[in-house]
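This report concerns only the one structure given below.
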Amino acid sequence: MASRHLSRSIAMQSLYEWDFWHQDNSKLEEIINKNIKEFGPGLEDTSFIRQLINGVMENLDKINEIIVKCAPEWPLEQITLVDRNVLRVGIYELLWGKRDEVPPKVAINEAIELAKNFGGESSGRFINGVLGTIYREIGEPGKDETSKSKEPAESLASRDIQAGPPSIPPMGDLGGEKKQKQSN
């Protein structure tokens, strides 16, 4: 598991750097290779890093749209670079990842850990709030053996949730300063 955690960290750092350099796709491969060399010199298998980055890149528009809809009071460009890219990795794993390898709750917890390690004071709570919202919207897969998805993950990006889905509490305080209780 430690190598997957390191791989997530390198993937997020590579996406962060790519985002910092104005999303210049021509630099992405160089960024990935540099970060693997710098942060994962003993890492034998780098396929998970590339799987995460390629998955995020292939679904970037959908992922960004989901972020905007699930954090409506935070325009995408105002979310810090770290939080934005932790969300991208977390959303990719949560919605398109292999659930038999990485259960949804593990994907969420890993994203929260990345946010705590690399982000600001409230990053972990913000990431938890957004990914928790998505998790509830897809029917809490893995919560118990009889859980059924409310809808396919891909439809989240195209669904009209301008005011927020009915099961999502108001997202006015994504930093978690005020805790809102939600009835199930």
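Readers should treat all values here as calculations from the given coordinates under stated rules, not as data from a laboratory. Only a predicted model underlies this, so the values are computations on that prediction, with no experimental measurement involved. When we count neighbours, we look across all protein chains shown, and the Cβ atoms used for this are built from the backbone with ideal geometry, even at glycine.
Observations on the structure shown:
- Flag set for residue 24, criterion: farther than 27 Å from residue 133 by Cα and of a type in the set (D, E, K, R).
- Test: residue in the stretch 65-72 that is part of a loop (DSSP other than H, G, I, E, B), within 16 Å of residue 23 (Cα to Cα), among the hydrophobic types (A, V, I, L, M, F, W, C) and out of contact with any Lys or Arg (no Cβ under 8 Å at 6 or more places or on another chain): no
- Among the residues of the stretch 68-77, the ones that are under 19 Å from residue 12 (Cβ atoms) and surrounded by fewer than 20 Cβ atoms within 10 Å (Cβ to Cβ) come to 3 in all.
- Residue pairs whose Cβ atoms lie under 9 Å apart, sitting 6 or more positions apart in sequence or on different chains, and linking a residue in the stretch 110-128 that is of a type in the set (Asp, Glu) to a partner that is not in a helix (DSSP H, G or I), are 110/102; 121/175.
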